[in-house]
Amino acid sequence: MRISQLFYQTLKEVPRDAQIPSHQLMFRAGMIQQLASGIYNYLPLARKSLNKLEAIIREELEKKGCQEVLLPMVQPSELWEESGRWGYYGPELLRLKDRKGNDFCLGPTHEEVVTDMVRRNLKSYKQLPWNLFQVQSKFRDEVRPRFGLMRGREFIMKDAYSFDVDEEASKVTYKKMYDAYTAIFNRCGLEFRAVDAATGNIGGDMSHEFQVLAKSGEDLILSCDKCDYAANVEKALTKRSEGKMDASALSANEKVHTPGSRTIEEVAEFLKLPANNFLKSIIYVIDEEPVLVLIQGDLEINESKLQTLMGANSVALADDKTVRDITGASTGFAGPVGLKKKLRIIADYSVSHGLNMVCGANEDDHHLLNVNYGRDYIADQISDISFAAAGDSCSLCEGTLEEHRGIEVGQVFFLGTKYSEAMKCTYLDKDGKEQLAVMGCYGIGVGRTMAAAIEQHHDDDGIIWPVAIAPYEVVVLPLQMNKEEVVQTGEDLYKKLKDAGIDVALDDREERAGFKFKDADLIGYPLQIVIGARSLENGELEVKIRKTGEKKNLPLGEIVSFVQEFIQNEKS
RNA sequence: CGGGGUAUAGCCUAGUGGCUAAGGCGCCUGCUUUGGGAGCAGGAAAUCGCAGGUUCGAGUCCUGCUACCCCGACCA
């Protein structure tokens, strides 16, 4: 590519709206431009990088027997009604009507469409396994798009869906995909960890996220300092279990006046008692059923664990009216003792052994002292529904959990029969008996992976591309454009490198040296080949390695082989 | 959806009710310069987010709306 012809523009100044390095740098390097909140134009440099990333993904998936398809982005509501998700997916699903008034949505994910397609074609166990993938733009009307490509509304995703005869076969597929993802992110030159993950709305009961470690990551990951255990904080377990309290020390209930003190902090301050002495009582609406959730005052309720525990599709805080109906008091004074209406109670392990705890009295401006599990109330279920935190004990060994920030670039799910059952995706087994296909689904945020690579690999001057996904592997920089010899050497070298199959750019603009250097550093070409009049007199050129800043002079004749070798080494 | 903020040329900004809306980056022309975003001279480019209002006079004050950003809630 001749840079004089490249569709892009670099900027010295950082746009105010860009907050994190990848967004700032992609914008400054002329890779992306925002069209609307969370919706971006991808310029040639970005497209080139994405193409390489997609090529790696395709190669690794095809190695595992996956086949590429392309499914529609606009999807009829009927399929979503069939899976049940039309009802509970929420406003993140962008719904539209066609001219006839029929309901459609922009695909945020494709379980419905792919399951529908497969069931039309699936007849016999002999056809399986199938693993279909696509690379496509998804649309999710995110509540708060942010950080450039990290969390857009429209974003490029690779999604794959596997269909197997039974659970055992599906788990083999799952492992294959796990391995494929490991290979993909390794080839991209990323430092990442695969962690245990929650399954959220998509369902299923086994999932791993691939998290690129970076300071700006939105996700919190906990990992053990002794063993291999690592998990998203939404899922992370720690050594907690049901305990016994000292039954000889129970005190009598006592109602106290706590005017205006709603939060644990406020009441703790008012009563001069520590937060862990409180019983946090929160009313949730879980799949339309109100549920009282109890946890020790200094811990947070992990809604993701709660959702998994209940096998629920949705978990939301109850509104004030619901709270009043149930407790007879306004929000902030709920407790498990003396409720107006009976409802299901879910408690965290932490409350089972809490002695003489304080909770809301189900009466405005009153709390109840010395509330004890077993004597004063019982829960329908006691489980681990709290967030683990750094410093907690590992659930598997004697180690301690430590925390990292991560960018979720990929996730693999074992789905089971959630969708094949809802949508009757079946086949006939050896005995002629109808069986449900067992599914898995596997996503990679392609644009997000590109952004994550930049988050992990940049410096004050710009991007430092891993060679495998660099828009161009090398740039040739003729410095003195008024010197025929310099220009000609650049042209010749450019041609030679291209002929050698190297992805090369030639900065043939009439610009000064400093300008070209700054641009090259910003765009982040892994190698810069500098053609200057001075060194050319000795028949040498200067090669700069972006990653290390190292510069070396090489004879003209050795440049191509040096570049080839460098690329080879970096990619492996 | 709650809280906060911003909106002036492609980008970053100045503009305190008063003359023709100012500067930097970038862009065009010419000269000069040629190893880390050069210099000089000239030039193009703005419906001051939109709609109302107050005023002799509004980029500036008021009201409403919209868009965008940040924090939170939310997030296969």
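The values are calculated or read from the model by the stated rules, or taken from the named source; none is laboratory data. None of the values given here were measured: they were computed from a predicted structure. All Cβ positions, glycine included, derive from the backbone under ideal geometry; neighbour counts span all protein chains shown. The accessibility values were calculated without ligands, DNA or RNA, using every heavy atom of the protein model including side chains. Shrake-Rupley method; radii C 1.70, N 1.55, O 1.52, S 1.80 Å.
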Pair A:N553, A:K226: separation of 7 Å Cα→Cβ label points (nm): 5.8 nm
Roll a 1.4 Å probe over the protein chains and send me the accessible area per residue for the stretch A:1-129 in Å². 53 Å²
Using the per-residue mean of other Cβ atoms lying within 10 Å as a proxy for protection, in what order, highest first, do the peptides A:269-277, A:363-371, A:344-352 fall? A:344-352, A:363-371, A:269-277
Under 17 Å from a point 7 Å along the Cα-to-Cβ line of A:L11: which residues of the stretch A:34-55 have their amide N that close? A:34-46
Carbon and sulfur atoms: what percent of the 1.4 Å accessible area of the stretch A:191-329 do they account for? 48 percent
Could you work out how much longer the chain between A:F515 and A:H257 gets when fully extended? Use 0.36 nm per residue separation minus the Cα distance between them, nm to one decimal. 85.8 nm
By the mean-Cβ-within-10 Å protection proxy, highest first, A:16-27, A:77-88 rank as A:16-27, A:77-88
Roughly speaking, what is the stretch gain from A:L396 to A:L94, that is 0.36 nm per residue apart minus the C-alpha to C-alpha distance, in nm to one decimal? 104.5 nm
Under 16 Å from the Cα of A:K552 - lysines, other chains or at least 8 residues apart: A:K544
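Suppose all protein chains stay in the model; what accessible area per residue would a 1.4 Å probe give for the stretch A:472-571, in Å²?
On the way: 4890 Å² over 100 residues.
Per-residue value: 49 Å².
Need one number: the % of Cα-Cα pairs in chain A sitting beyond the 32 Å mark. Write out the running numbers ahead of the final one.
On the way: 94048 of 163306 pairs.
Here the tail beyond 32 Å accounts for 58 percent of pairs.
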So which aspartates and glutamates pass the test for A:K321, namely a Cα distance under 15 Å, with those fewer than 8 places away in the same chain ruled out? A:E288, A:E289, A:E363, A:D364
For the stretch A:207-289, with every protein chain kept in place, what is the accessible area per residue (1.4 Å probe, Å²)? 54 Å²
Between the stretch A:253-332 and the stretch A:77-138, what is the C-alpha centre distance in whole Å? 37 Å
Vicinal HN-Hα couplings computed from phi for the stretch A:378-383 (Karplus, 6.51 cos²θ - 1.76 cosθ + 1.60; Hz; Gly/Pro x): 9, 9, 6, 8, 10, 7
Have a look at A:C425, A:H457, A:G549 and report the one farthest towards the positive end of the charge dipole of chain A, computed about the Cα centre with Cβ charges (Lys/Arg +1, Asp/Glu -1). A:C425
Under 5 Å, built H, 5+ apart or other chain: amide partners of A:T400: A:D225, A:K226, A:C394
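For chain A, what does the helix formula give at 222 nm: sum of -39500 (n - 2.57) over DSSP H segments with n ≥ 4, over the residue count, nearest 500 deg cm²/dmol? Walk me through the numbers on the way to the answer.
Working: 16 runs with 160 residues, N = 572.
About -8000 deg cm²/dmol.
What's the extension gain from A:Y178 to A:V74 if we count 0.36 nm per residue and subtract their Cα-Cα distance?
That works out to 34.5 nm of additional length.
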Beyond 28 Å between alpha-carbons counts as too far, so tell me which of A:K280/A:K340; A:K12/A:K551; A:K63/A:K433; A:K123/A:K171 fall in that bin. A:K63/A:K433
Under the classification rounded if a/c is under 1.5, otherwise prolate if a/b is larger than b/c and oblate if not, where does the stretch A:427-498 fall, given a ≥ b ≥ c as square roots of the Cα gyration tensor eigenvalues? oblate
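Roughly to the nearest percent, how much of the accessible area of the stretch A:457-572 is carbon and sulfur, given a 1.4 Å probe?
That fraction is 44 percent.
Is there a pair in A:K516/A:K547; A:K138/A:K175; A:K496/A:K571 whose C-alpha atoms are over 19 Å apart, and which pairs would that be?
Cα-Cα > 19 Å for A:K138/A:K175; A:K496/A:K571; rest within.
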Just how much of A:K255 is accessible, in Å², when a 1.4 Å probe is used and the result is rounded to the nearest 10? 110 Å²
Compute the relative contact order of the stretch A:1-79 as a whole-number percentage, counting only Cα pairs closer than 8 Å that sit 6 or more residues apart in sequence. 20 percent
Using a/c under 1.5 as the rounded threshold, could you call the stretch A:533-572 rounded, prolate or oblate? The axes a ≥ b ≥ c are square roots of the C-alpha gyration tensor eigenvalues, and prolate needs a/b larger than b/c, oblate otherwise. oblate
Partner aspartates and glutamates whose C-alpha sits under 17 Å from that of A:K215, ignoring same-chain residues fewer than 8 away, are A:E191, A:E402, A:E403, A:E408, A:E455, A:D459, A:D460
